[in-house]
């Protein structure tokens, strides 16, 4: 990506003296947009992922004070990078005054910039200490490091949102309903694990990249899924979290344009997020698919999703798990109503998905599609088989679907019992209220 293709971040000027609140907003805006590039550049310069993230956070803390006093600099990214590099130099100096890496880092710095108490770091966009031809590689390497298989799934999600997405520990904790110290501990352990395992800051070899890419896509899928239907809390949607996953998927698609599953994942996100405006009512209550005002669906997102799905299909390798799910979402996007949806095609897509990525959730979704295409009795047989396996015994999804099917079959008492069970298992307040209303409506 040439520098001309991505202008430097600039912040609007404000009347009057700066304030701590305006400084905080400015720092958050820059970090959210440029965190991956900043940490990636610092990691390449220091050769130490943990140090790079730590000094970047120190630079943010210093910016909150300095920008409130002096105003935001003309080149905020350059300011943060220069400040973070000075902190890295200090860290290397403490380790060893003769350290070769310290000397390598110190040489490019101007004498005035390196001196203690320098008035301000360079602020020209042209002074950004990264090679613009390597920015893409830096960001991509950072994504692969944050999603390295040596980390636990929870750690990958937290680290990706922190260093690639630019979210704070508080934001991550709020999104996943866990204490802030838990998130901070996960991030700290993840960085130490990466250091202990000697994970290099580089793109994996081409032959390993596709295998490692699965971990990256899985992390983004978990983030988006939690945002699109929250597993707990008071809100059905956590739109900010879902849109962050969309943004990261767009970045990944731009960096890996020849990977069809990346485009498939992006298509799934865009097509699913397109329905967000119609999924909740004015009071935040869930609106079921059959009751949604499809005029509220985001047509621009649908166009982007279809285009991404087209790129995934054009690769000629056949759709993978994410591409197949995107194809299901495309069927919904094309339909004027639930009855006019191409349920036969959706059944076929779920059958294909069950072969390439078998899971009980896929089978449950297939049962829903079968119910719409062929009636509830055939679908109930699929659900009863799933019940017998016990693989979804702790989830509210299975009794929810079973209750709906029993309702359609006129088995009211059994349906009510299933919906009440689903409500007890559901941790999301909004979803639970819908389930209880359905159960109550059955008398």
Computed E for residue 436/residue 211 - FRET, C-beta separation, R0 41 angstrom, nearest 0.05 = 0.35
Treating the angle as unsigned and between 0 and 90°, give the value, to the nearest 10°, between the Cα long axis of helix 206-228 and the longest Cα principal axis of the chain.
-> 70 degrees
How high is the FRET efficiency from residue 352 to residue 185, r the C-beta distance, R0 41 Å, rounded to 0.05?
-> 0.50
Tell me, in nm to one decimal, what length is gained between residue 192 and residue 29 on full extension, where the rule is 0.36 nm per residue of separation less the Cα-Cα distance?
-> 55.9 nm
Note the full-extension length gain between residue 338 and residue 90 as 0.36 nm times their separation in residues minus their Cα-Cα distance, in nm to one decimal.
-> 83.1 nm
0 to 90° range, to nearest 10: angle between helix 343-356 axis and the chain longest Cα axis = 60 degrees
Taking only DSSP H segments of four or more residues, each worth -39500 (n - 2.57), what value at 222 nm results for the chain once the sum is divided by all its residues, to the nearest 500 deg cm²/dmol?
-> -21500 deg cm²/dmol
Please say if segment 135-225 is rounded, prolate or oblate, where rounded means a/c under 1.5 for a ≥ b ≥ c the square roots of the C-alpha gyration tensor eigenvalues, and otherwise the choice is prolate for a/b larger than b/c and oblate otherwise?
-> prolate
Length gain on complete extension for the stretch residue 295 to residue 170, per 0.36 nm per residue less the alpha carbon to alpha carbon distance?
-> 41.5 nm
Between the alpha-carbon centers of segment 276-331 and segment 413-430, tell me the distance in whole angstrom.
-> 27 Å
Rounded to the nearest 10 degrees, the helix 20-46 long axis (Cα) sits at an angle to the longest Cα principal axis of the chain of 80 degrees
Sequence of 228, 152 once ranked by neighbouring C-beta atoms within 10 Å, starting from the fewest | 152, 228
For 217, 42, what ranking results if the residue with the fewest other Cβ atoms within 10 Å of its Cβ goes first?
-> 217, 42
Among 322, 45, which comes first, second and so on when ranked by fewest other beta-carbon atoms within 10 Å?
-> 45, 322
Based on the Cβ-Cβ distance of residue 412 and residue 65, what FRET efficiency does E = 1/(1 + (r/R0)^6) give at R0 = 60 Å, to the nearest 0.05?
-> 0.40
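Bear in mind these aren't lab numbers, they're just calculated from the coordinates by the rules spelled out. Note that this is a predicted model, so its numbers are computed, not measured. Note that each Cβ is placed from the backbone with ideal geometry, even for glycine, and that neighbours are counted across all protein chains shown.
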